[in-house]
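The values are calculated or read from the model by the stated rules, or taken from the named source; none is laboratory data. Remember, predicted model here, so these are calculated numbers, not experimental data. We place every Cβ from the backbone using ideal geometry, glycine too, and count neighbours over all the protein chains shown. Note: accessible area is taken over every heavy atom of the protein model, side chains too, but ligands, DNA and RNA are not part of it. Shrake-Rupley method; radii C 1.70, N 1.55, O 1.52, S 1.80 Å.
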Amino acid sequence: ATPYETVLVERTGRTALLTLNRPGALNALNLRVMEEVVAATEALDRDPEIGCIVITGSAKAFAAGADIKEMQPQGYMDMYLSDWFGAWDRLGQVRTPTVAAVSGYALGGGCELAMLCDILLAADTAVFGQPEIKLGVIPGIGGSQRLTRAVGKAKAMDLCLTGRTMDATEAERAGLVSRVVPADRLLVEALAVAETVAGMSKPVAMMAKEAVDRAFETTLAEGVRFERRLFHAVFATADQKEGMSAFAEKRPPTFTHR
Ligand code: CO8
């Protein structure tokens, strides 16, 4: 039984599936959803038995954005003093690899939540956008930054200034998503990707994630230096010995995640 009201958590082997569950509001991200998604993900992140976390929504909506009705009456002091949306930043601190499996609407905060994940898989029904400007606001969960890093200035400006949406094909072409799959295959494919990642050495996967993420935070020279240090560090793991021995012995590796 899951202790959450707006999120379902299921575990299969080393993989966890987190499903947003606010069907009456197309999974609009109110503060409760934020607290629960972040708490559930952090709890899974602390669990050494979990190697990859999939976040998904419904067929119609991954998430249709932050909850507009909840935000409508808020003033600047309400937003500032409560650090509105601040908790989402903690999702970016999660060290376990995450996969977003997006079907249907991923708008505003929904698109931003997907971009907080490490691997982004889209159903052919997926619709991405940052339409906040149509409501008289701007993205507030990192959209202007992560979308720009993902697809470049041209499309980021286009989406953020006009509020238009992007279908799955355009999103893949632009580099926002890594793969597009038929809608009825989305969960199967996402769980297969997660199982693959979860089958790798967890500390090594964590370091690979950390190294890629570093590319968005630093210069090329510093990033390469950081990667080199981590590369040297993986030689302290039992899993490096096992992975390389298994290759030489022509057998599959059995990682112990140490
Ligand atoms: N917030 C609250 N409720 C929502 C939201 C939302 N983002 N999206 C949908 N809903 C609700 C609808 O109000 C409706 O509820 P009800 O049945 O009670 O009227 C229910 O979900 C079903 O929605 P629709 O009837 O509208 O479904 P349709 O299939 O007709 O349309 C759409 C689907 C096109 C996705 C439409 O719902 C829509 O345009 N939604 C809003 C999309 C949007 O603008 N998202 C961006 C929100 S803003 C944001 O994410 C970031 C704000 C950053 C602020 C920064 C602060 C720090």
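Quick notes on this one:
- Check on Val204, surrounded by fewer than 21 Cβ atoms within 10 Å (Cβ to Cβ) and on the phi < 0 side of the Ramachandran plot: yes
- Residue in region 210-225 that is buried (at least 18 other Cβ atoms within 10 Å of the Cβ) and in a helix (DSSP H, G or I) present: no
- In region 237-258, the residues that are of a type in the set (Gly, Ala, Ser) and either open to solvent by 100 Å² or more (accessible area, probe 1.4 Å) or closer than 22 Å to Arg14 by Cβ (or both): Ala238, Gly243, Ser245, Ala246
- Per the listing Val181, Val127, the residue uniquely more than 16 Å from the ligand (Cβ to nearest atom), touching a strand residue (DSSP E or B) at 6+ places or on another chain (Cβ under 8 Å) and in contact (Cβ under 8 Å) with a residue 24 or more places away in the chain is Val181.
- Output for region 1-30, where each listed residue is outside any loop (DSSP other than H, G, I, E, B), within 16 Å of the ligand (Cβ to nearest atom) and over 18 Å from the mean Cα position of the chain (by Cα): Pro23, Gly24, Ala25
- Within region 41-54, the residues that satisfy the criterion of being touching a strand residue (DSSP E or B) at 6+ places or on another chain (Cβ under 6 Å) and touching a residue at least 60 places away in the same chain (Cβ under 8 Å) are Ile50, Cys52, Ile53, Val54.
- Cβ-Cβ contacts under 9 Å between residues 6 or more apart (or on different chains), taken from a first residue in region 55-81 that is open to solvent by 100 Å² or more (accessible area, probe 1.4 Å) to a second residue that is of a type in the set (Gly, Ala, Ser) and away from the ligand (no atom under 11 Å from the Cβ), are listed as Lys60/Ser103.
- Residue that is farthest from Val204 (Cα to Cα), among those in region 94-117 that are within 16 Å of the ligand (Cβ to nearest atom), aliphatic (A, V, I, L, M) and open to solvent by less than 10 Å² (accessible area, probe 1.4 Å): Ala106
- For Ile141: the one exception among (1) touching a residue at least 60 places away in the same chain (Cβ under 8 Å); (2) more than 24 Å from Gln72 (Cα to Cα); (3) of a type in the set (A, V, I, L, M): (2)
- The residues of region 141-155 that are open to solvent by less than 30 Å² (accessible area, probe 1.4 Å) and within 15 Å of the ligand (Cβ to nearest atom), listed by number, are Ile141, Gly142, Gly143, Leu147.
- Among the residues of region 110-147, those identified as within 12 Å of the chain's Cα centre (by Cα), more than 17 Å from Leu187 (Cα to Cα) and in a helix (DSSP H, G or I) are Gly110, Cys111, Glu112, Leu113, Met115, Arg146.
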